[in-house]
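The values are calculated or read from the model by the stated rules, or taken from the named source; none is laboratory data. Predicted model, so just to flag it, every value in this text is computed and none were measured. Methodologically, a virtual Cβ is constructed for each residue, glycine included, from the backbone with ideal geometry; neighbour enumeration extends over all protein chains shown.
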Amino acid sequence: MSQTILRVEGLSKTFPVEYSIVERVQGKPRRAVKALTGVSLEVQRGETLGLVGESGCGKSTLARCLVRLYDADAGRVEYDGLEVLKLRGAGLRQYNRRVQMVFQDPFSSLNPRMTVVQTLREAILVHGLRKPQEVPGRIRELLKLVGLPKDAERRLPHEFSGGQRQRIGIARALSVEPETLIADELVSALDVSVQAQVVNLLLELQERLHLTVLFVAHDLRLVRHISHRVAVMYLGRVVELADTEKLFSNPAHPYTQALLRAAPELDPSRKSVLEAVRGELPSPLNPPPGCAFHPRCPQAFDRCRQEIPALVRRGPEERLVACHLLEATEAKPQA
């Protein structure tokens, strides 16, 4: 039986926009970007949950809120019984050891003045995981674990390729022996030829170390390959969450359907991205009322324009979907 290790309920986050002189003079209220609006999801112990959506939908903001790089404005995050948003001091440090993040850009996430051995030693010693005399041996273990040569210890980040730097980032995350990894666009900054190597490394590490993974990405094919379940985000909300194969073979939400139609195909007869997802993502400064997807949804009706749909279980598969259309369809009498 699966066990929920991470539960997110109603998480919201806004970022205030710079207040211009003209706005001050005119007495206009200060505007804010609504990055997350009532996000709810669960991650099971040992699984990989993929998190997908268009750029600007709030995926990376959610990841940063989960590791407390950003402070959420509202909502609840529970990790293995701990109320994460209330943690302070030693409790927060312990949580940060158990939940680690690997960042998107391996070129900026490493200190350019610190060698690999200095980077890994710092993480190990700060959390007191090894005695000083045991640290060199642990560093050699970590380098071997992520497939880096022994001579990598004394080198600086600029001496490595992008794929090697990302392996260093993974080694740094693993150095504190976490239970959960949050991978934020892990391979999007890497060459295509290197992406498969890093993804396969992550899969091997998950199996070997029994890790739970939240995999944030926009590449649907990659998410399908690596994830047990997938959560789809749109404009700061989760609109669908289901088992990977069920979601890809039979998407329920109109936005999920549009995303899958928009995925690149080798078949030239396939419709273009513009036909698959019409219009542009609304501004998070001024999201539309009701369902945020209704301006782009060909099936939208009056209720969609007025009422925000709740994320609820639907159908025999009990997948989570936030869509009025499905509720209206289920309410129709069977012929």
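Could you check region 216-225 and list, in sequence order, the residues that are outside any loop (DSSP other than H, G, I, E, B) and crowded, with 21+ Cβ neighbours inside 10 Å?
Once the filter is applied, which keeps residues that are outside any loop (DSSP other than H, G, I, E, B) and crowded, with 21+ Cβ neighbours inside 10 Å, region 216-225 yields Val216, Val223.
Could you list, in sequence order, all residues of region 190-206 that are aliphatic (A, V, I, L, M) and touching a residue at least 12 places away in the same chain (Cβ under 8 Å)?
Hits for region 190-206 are Leu190, Val194, Val198, Val199, Leu201, Leu202, Leu203, Leu205.
Could you give every pair whose Cβ atoms fall below 9 Å, whose first residue belongs to region 250-270 and is assigned to a loop (DSSP other than H, G, I, E, B), and whose second residue is at pLDDT 70 or above and of a type in the set (Phe, Trp, Tyr), counting only separations of at least 6 or pairs across chains?
His253/Tyr234; His253/Phe293
Of the residues Ser193, Ser175, which single one is hydroxyl-bearing (Ser, Thr, Tyr), at pLDDT below 95 and within 26 Å of Ile124 (Cβ to Cβ)?
One residue alone meets the criteria, Ser175.
Taking Val213 as the residue in question, decide whether it is touching a strand residue (DSSP E or B) at 6+ places or on another chain (Cβ under 7 Å), part of a helix (DSSP H, G or I) and not charged (D, E, K, R).
no
Looking only at region 226-243, count how many residues are more than 18 Å from Gly10 (Cβ to Cβ), assigned to a strand (DSSP E or B) and either more than 12 Å from the chain's Cα centre (by Cα) or modelled with pLDDT under 95 (or both).
Matching residues across region 226-243 total 3.
Among the candidates Leu209, Leu220, Leu205, Leu259, single out the residue that is of a type in the set (A, V, I, L, M, F, W, C), modelled with pLDDT of 85 or more and either on the phi > 0 side of the Ramachandran plot or within 16 Å of the chain's Cα centre (by Cα) (or both).
Answer to the check: Leu220.
Given the criteria part of a helix (DSSP H, G or I) and either exposed (fewer than 15 other Cβ atoms within 10 Å of the Cβ) or modelled with pLDDT of 90 or more (or both), does Cys304 qualify?
yes
Tally the residues that are in a helix (DSSP H, G or I) and either surrounded by 12 or more Cβ atoms within 10 Å (Cβ to Cβ) or of a type in the set (A, V, I, L, M) (or both), restricting the search to region 117-140.
Final tally of qualifying residues: 15.
Any chance you could count how many residues in region 82-122 are over 25 Å from Glu159 (Cα atoms) and over 21 Å from the mean Cα position of the chain (by Cα)?
Adding up the residues that qualify gives 8.
If you take the residues in region 141-157 that are over 28 Å from the mean Cα position of the chain (by Cα) and touching a residue at least 12 places away in the same chain (Cβ under 8 Å), which one is surrounded by the fewest Cβ atoms within 10 Å (Cβ to Cβ)?
Top of the filtered list is Arg154.
Does region 158-171 contain at least one residue that is surrounded by 16 or more Cβ atoms within 10 Å (Cβ to Cβ), at pLDDT 95 or above and charged (D, E, K, R)?
Looking through region 158-171, none of the residues is surrounded by 16 or more Cβ atoms within 10 Å (Cβ to Cβ), at pLDDT 95 or above and charged (D, E, K, R).
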